[in-house]
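The values are calculated or read from the model by the stated rules, or taken from the named source; none is laboratory data. None of these values were measured; they are calculated from a predicted model. Please note: Cβ atoms are built from the backbone with ideal geometry, for glycine as well, and neighbour counts cover all protein chains shown.
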Amino acid sequence: MHKLKAGLASIAMAVSLSAAPVAAQAQEFINVLTGGTSGVYYPLGVAMSEIYGRTIEGARTQVQATKASVENLNLLQQGRGEIGFALADSVKLAVEGNKEAGFPAPLDKLRGIAAIYPNYIQIVASKDSGITTLNDLKGKSLSVGAPASGTELNARAILEAAGMSYDDLSKTEYLPFAESVELMKNRQIDATLQSAGLGVASIRDLATSVPISVVSVPSEIVEKIGAPYVAVTIPAGTYEGQTEDVPGAAVGNILVSHTGVSDDVAYQMTKQLYENLPTLVAAHAAAKMIDPAKALEGMPLPLHPGAERYYREVGVLK
């Protein structure tokens, strides 16, 4: 009897050990790569993580704050994240392998999930600085976002189209949104360029603390840069003290995955994104612009087969 019990115990142990790897394989780890905590990517990433954890069976989710586009794309290429946010122009440069933009070689493992909402490239100056146009930035100080971030690439493109460079500024700061705002509040810099959804928390915070001017980016400047940049309007009242519409530039945001993510997981990440839009809108108003009908607009890289399956299902792809 004792031997029988021992035998059964050893069989039970063997079964539990052999079952352990199966359970581990059944668990999907989804790391959502976002941006700085004061931008739009982060609250949307937190909401996506919550959605995926709730709706994808066996999913264990995590949100990672990063320096945004460029870092996210490099991390995805290395398989160190399952889905991440990036600006369309950064994605295009990543696929091409643009060294100056922070991509030493073409990132060939990246795959598209969805084009989501446009990032407005918002240049905000303190009222005291007298800056209202791009030309007024000459001889002034400007924060252009974290070094080699998607925002900083936007800054270079805008200034170059206006016939300027960082050399024309009195000082260039390479700081994330929240830190840039703190410097402006303390009158240590004149202006900040932030690439984000309209109504981004950092600029809202700034506008309630000091009088600001939203700097105009004329449509001819945007046309000079070309795709994937588009001319837009920043509506009056977007920020406290902004009494008029201001012409500006925008570039689309893309949700990106990679070839190492299974088709099933990519399908679920795409499907659950659209089936839980109210959760995303509650996290940030920029999500109001997410629409499956526009999911492929300006997509600068191949779609993940899992995402493609979803778009065929809902008739976006024929």
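Just one residue in the set LEU134, LEU153 is outside the structural domain of ALA94 (by TED's automatic domain parsing) and at pLDDT 95 or above; that residue is LEU134. Which of the residues belonging to the stretch 233-264 are under 20 Å from the mean Cα position of the chain (by Cα) and either of a type in the set (D, E, K, R) or outside any loop (DSSP other than H, G, I, E, B) (or both)? Once the filter is applied, which keeps residues that are under 20 Å from the mean Cα position of the chain (by Cα) and either of a type in the set (D, E, K, R) or outside any loop (DSSP other than H, G, I, E, B) (or both), the stretch 233-264 yields ILE234, GLY248, ALA249, ALA250, VAL251, GLY252, ASN253, ILE254, LEU255, VAL256, SER257, HIS258. Scan the stretch 104-122 residue by residue and report those that are in contact with a Ser or Thr (Cβ under 9 Å, 6 or more places away or on another chain) and not aliphatic (A, V, I, L, M). Selection gives ASP108, LYS109, ARG111, GLY112, ASN119, TYR120, GLN122.
Results for (1) under 19 Å from THR151 (Cα atoms); (2) at pLDDT below 95; (3) assigned to a helix (DSSP H, G or I), shown as yes or no for each residue.
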| residue | (1), (2), (3) |
| --- | --- |
| LYS67 | yes, yes, no |
| LEU75 | yes, no, yes |
| ARG80 | no, no, no |
| SER90 | yes, yes, yes |
| LEU93 | yes, yes, yes |
| GLY102 | yes, yes, no |
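From THR208, THR172, THR192, grab the single residue that is buried (at least 20 other Cβ atoms within 10 Å of the Cβ) and at pLDDT 95 or above.
None of the other options fit; the residue is THR192.
A quick yes/no check of all residues on (1) touching a helix residue (DSSP H, G or I) at 6+ places or on another chain (Cβ under 6 Å); (2) farther than 22 Å from PRO176 by Cα:
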site: PRO43; (1), (2): yes, no
site: ALA47; (1), (2): yes, no
site: GLY53; (1), (2): no, yes
site: ILE56; (1), (2): yes, yes
site: ASN74; (1), (2): no, no
site: ILE83; (1), (2): yes, no
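Just so you know, in the stretch 214-232 the residues that are part of a strand (DSSP E or B) and modelled with pLDDT of 95 or more include one that is surrounded by the fewest Cβ atoms within 10 Å (Cβ to Cβ), and it is SER216.
Just to be sure I understand, how many residues within the stretch 289-312 are of a type in the set (D, E, K, R) and in contact (Cβ under 8 Å) with a residue 40 or more places away in the chain?
Applying the first criterion (of a type in the set (D, E, K, R)) to the stretch 289-312 yields 291, 294, 297, 308-309, 312.
Still in the list and also in contact (Cβ under 8 Å) with a residue 40 or more places away in the chain: 294, 297, 309.
Qualifying residue count, the stretch 289-312: 3.
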